[in-house]
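Below is one structure, written out as structure tokens; comments come after it.
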Amino acid sequence: EPRMKQLLQQAKGILIVPRFGRAALGVGAEGGAGLLLLKHADGSWSSPAFYDLGGLTVGLQAGGEGGAIAMVLNNDKAVNEFMKKTNFSLNAEAGLTVVNWSKLAMGTAGTGDVVAWSGTKGLFGDAVAIGLTGIRFNEKLTNAYYGRTLAPKDIASGGVSNAQAKPLQQA
């Protein structure tokens, strides 16, 4: 998305989820796994931390879709929610304003705490659905990647690195 370049220049972080899927027929499930990178004061990006997304919904819904999603963290409030080691829900209860990129006019991009972009394909419809979606730091995968026990704040501080992450950080 060409217009995303401007948003990323101002971003404090980004969660990249290469494969996210959801499916439902009355009862639905959604999930994926991704990488969180945070921007340092000098404009460089941190090494990645691994996160899992998952949720359940119930309601008048049917279909399936899948693909990539990204969540741009626009301020410290959004970053601080991700730095918590425990589960949290990315919704109004978390105190975050989530803006859907596909419904934005270019001039309003960046007005939310989190801007969600989706490249999913498929057919999914919901009239009324109630759900719970959680985002959780994947400590096991992160520790395996770096070869030692780490918390999200350890990675955000820039004190750890992995040479395999350099192409992603530069992109």
Scalar couplings 3J(HN,Hα) for region 144-152 by Karplus 6.51 cos²θ - 1.76 cosθ + 1.60 (θ = phi - 60°), nearest whole Hz, x for Gly and Pro, are 5, 5, 9, x, 7, 7, 9, 10, x
To the nearest 0.05, the calculated FRET efficiency linking Val58 and Ser161 through their beta-carbon distance, R0 being 30 Å, is 0.10
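Only the coordinates and a few stated rules stand behind these numbers; no lab work does. Remember, it's a predicted structure, so these values are computed and weren't measured experimentally. Don't worry about glycine lacking a Cβ; one is built from the backbone with ideal geometry, like all the others, and counts go over all protein chains shown.
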